[in-house]
Structure formats: structure tokens, C-alpha cells
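The values are calculated or read from the model by the stated rules, or taken from the named source; none is laboratory data. Treat the numbers as computed from the prediction; the structure is a model and nothing was measured. Virtual Cβ from ideal backbone geometry, glycine too; neighbours counted across all protein chains shown. Quick note on the areas: whole protein, heavy atoms, side chains included, nothing else; ligands and nucleic acids left out. Shrake-Rupley method; radii C 1.70, N 1.55, O 1.52, S 1.80 Å.
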Amino acid sequence: MKDDMTRRLYLKLALATLVTLAGGCASTSGQAPTRADVLADLTRANDYWQRNHAPQQWAFWDVAAYHTGNMAAYALTRNEAYRDYSTAWAEHNRWRGADSDKRADWKYSYGETQEYVLFGDWQTCFQTYVDLYELDGRKDPRRIARAREVMEYQMSTSNRDYWWWADGIYMVMPAMTKLYKATGEQRYLDKLHEYFTYADQLMYDPDAGLYYRDAKYIYPKHKSANGGKDFWARGDGWVFAALAKTLADLPPDNPSRPLLTERFRRMAAALKPLQQDDGYWTRSLLDPGHAPGPESSGTAFFTYAYAWGINNGYLDRAAYAPTALRGWHFLSRVALQSDGRVGYVQPIGERAIPGQVVNQDSTAPFGVGAFLLAASEMAGLVDNAGGER
């Protein structure tokens, strides 16, 4: 009890310090953010998105990543409109990703057409389908039938290089833990370990504690504008957030847990000193001059993972709460516009691009999803400080 009171006191002090450093504007009232503040920002962002975008969109990663955030928003708020929105999207896509039924044509290199069934960007939707299946009192098997068909076929192959780019770790790894929980089939976890080990050996830089986006960007083959290692913020955001989502669902005694936990904590330590004074991370993490200025999608994924790590005992509150709070300050007071638009989202791409314009009008569904994830965990972080509930 005494330790818990000490942690709450520390976080209150950290919140107060953030207000001072930020010029007294960590919330609209000039006080440290409360749960009510965070919920108001979440609602403003999500209501704006759903008001301006019909749910009848394709099941590819850019939209599917939004729905992973929308389901986190539903889990926090129990706003049935949010659940209904994702259900309408799933029904529109018939609870499927890429639609080909001809297995001989299934591919997992990059592709946006219907034969790229094994490409992880078409499997992101399975996360939300499983969430909606678990919420369904009837447990309608149709909701996860295609997810099971695709993933169980994939796991039957000898290939292990399905996650050949950093984004794929977020797109699929949490879907596999969710499918394990829904089915009880151990091979989801066994193959998760196999696929992640391949991706980790390919893209992880142990000196930096960060992940290259894919093999094309490994130093010194590729260099940043100033000649150094080039780690793309959103790419590392995908990985950091995926580790949090996967650890949340992984059984406590699973053999993958030590490696995933070590990578999660190492990324937290590596990213902390790279945060800019205004709370955001630049697009090229080690070279801010490569593509300077704010970017919200990477920042939101980092903020989500930091807050989740603190809330669940993986990260030390004293060391990391100020980092999460500065990230949330940027997201809620700069990136979030008065009408509810989430700005400063780098457009679809795979690297930091010098000269690319990213401003308050730059938005995208995956950026909104990342914002909602961050808000869902920040609500718990400020709750644990003893703030307004």
C-alpha cells in the first residue's frame, strides 16, 4: 500500500512538472491532464473521424490500423457507436482480408490486390475481427473463420519470413495472440515465436536498440541525410506498440516472453533520449535534421507503449512517466485540432523523406488509430496518479 501511494505521489509531481515545462497548458484548464481531459480528447478525435468517414472502407492496413485504436477506445468508453462502426466495417468486408480463395496464388510480398492473402497488411483486420468475436455473446464462428483459414494455412507452410518489414510485426503478431486466446491452439504462439525471431534477427540493431524498417535500410547500405543510421519513427512505433499489445495477451509462462520483454524495455530506453523538447519524435529518430518537425503517428505509438508499460508494471514509473506525459501533451494540445482532426500524420510511406510536408492538416486513419491507442492508456496513467475519474 505504501509503495502504491509513493507511485501515485510521484506521478502527481511528474504531472505538475510537465505543466510547468509546458507553460501551464497540459490541459484546456491549464492544469495537469485528468481522466476527463483524456476522454474528452479521445471522444473529440474519434467522433470527428467517424462523422466524416463512412465505415464502408477496405480491409487493408491503413484502415484496419484505425480499427485497432477504435476497439481500444470502445474497451475504455463502452460507447456502442464505436463498436457498431467497426462491426459495420467488418460486415462490409465479410470478415475477410484479401479475398482470393485460390491458394496457389496466395502471396506475401508487398501487394494491394486480392491474391496477397499472406501479406501482413491484409491480416491486420483479423485483430478487430477477433475482438468483435469475443464481444459477441453467441461467439459467431463466421467472424473469425477467414482469419483462421488464412493463418492456419500460413502456419502449415515451412516459411518463416512472413514479417520481413517492421510494420508487419504490428499488423500480425497481436492477431496471433488473439487467435490463440479465441481457439486455444498452441501453434499460434509457436509460429509467433518463429516469425518474430526471424524479423528480429533481420531488422533489430542491438547497439541502437531500435529496428530498421526493412533490409533495404540497414546501415551502412542506407544512411540518413547526415551519414548515420536511419531509424524511421513510425516503423519503430509499429514495433514498440506491437510488443505492448502482444505482451498483454501472451500467457505468463510463454517462452517468447523474455525476448519480447527485453526488446520492449530496450526500445523504451533507446527512444527516451530521442524525444524532442515539445514532446514529439522526429521522423528519422537519430537524425532530427533529416526530416525535422513534428510527426504524430510515431509519437502516438510511442506514447501508447510507454503508458501501457507503466500501467502494467513493465516500465519504471519514475523513469518513464514524464516521457509519456510529454508525448501526450504534444498529441492532445498540438496534433489534435479544435475540430477533432488529428494532424501531423506523415502520409503513407516507409521512411523519413527530407522536405516532405507534414502539418496540422496531415491526417490518415492509421494516425487516428494510434492516437486512440495512446489515449486509451493515458486515461489509465492519469487515473493511477489519483486524478479525476
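Things worth noting here:
- Reduced Cα scattering model of the chain, Debye log10 I(q)/I(0), q = 0.11, 0.14 Å⁻¹: -0.74, -1.24
- Placed amide H near Thr282: partners under 5 Å, 5+ positions off or other chain: Gln276
- Among 121-129, 251-259, sorting by the average number of other beta carbon atoms lying within 10 angstrom of each residue, highest first, gives 121-129, 251-259.
- Candidate lysines - alpha carbon under 27 Å from Lys102, same-chain residues fewer than 8 apart omitted: Lys178, Lys191
- Where chymotrypsin sites (Phe, Trp or Tyr not before Pro) fall in DSSP loop in the range 82-121, at most 16 other Cβ within 10 Å: Tyr110
- Long-range HN-HN contacts of Leu210 with modeled amide H, under 5 Å: Asp205
- In this simple spin-label approximation, Leu259 and Gln276 carry label points 7 Å from Cα along the Cα→Cβ vector, and these lie 3.5 nm apart.
- Loop-resident trypsin sites (Lys or Arg not before Pro) (DSSP state other than H, G, I, E or B) in the range 208-304 with no more than 12 further Cβ atoms inside 10 Å of their Cβ: Lys221.
- Rounded tilt (10° steps) of 187-203 against the dominant C-alpha axis of the chain: 60
- Among the protein heavy atoms of the chain, carbon and sulfur supply 50% of the accessible surface, probe 1.4 Å, non-protein parts ignored.
- Most positive-pole-ward Cα, Pro288, Asn79, Ser158, against dipole of the range 35-383 from beta carbon charges: Ser158
- Sorting the segments 301-307, 62-68, 144-150, 155-161 by their mean number of nearby beta carbons within 10 angstrom, highest to lowest, gives 301-307, 62-68, 144-150, 155-161.
- Gap separating the Cα centres of the range 136-167 and the range 174-226, nearest whole Å: 17
- C-alpha long axis of helix 166-183 to longest principal axis of the chain, angle in °: 70
- Point-charge dipole on Cβ atoms (K/R +1, D/E -1) for the range 35-383, about Cα centre, debye to 20: 220
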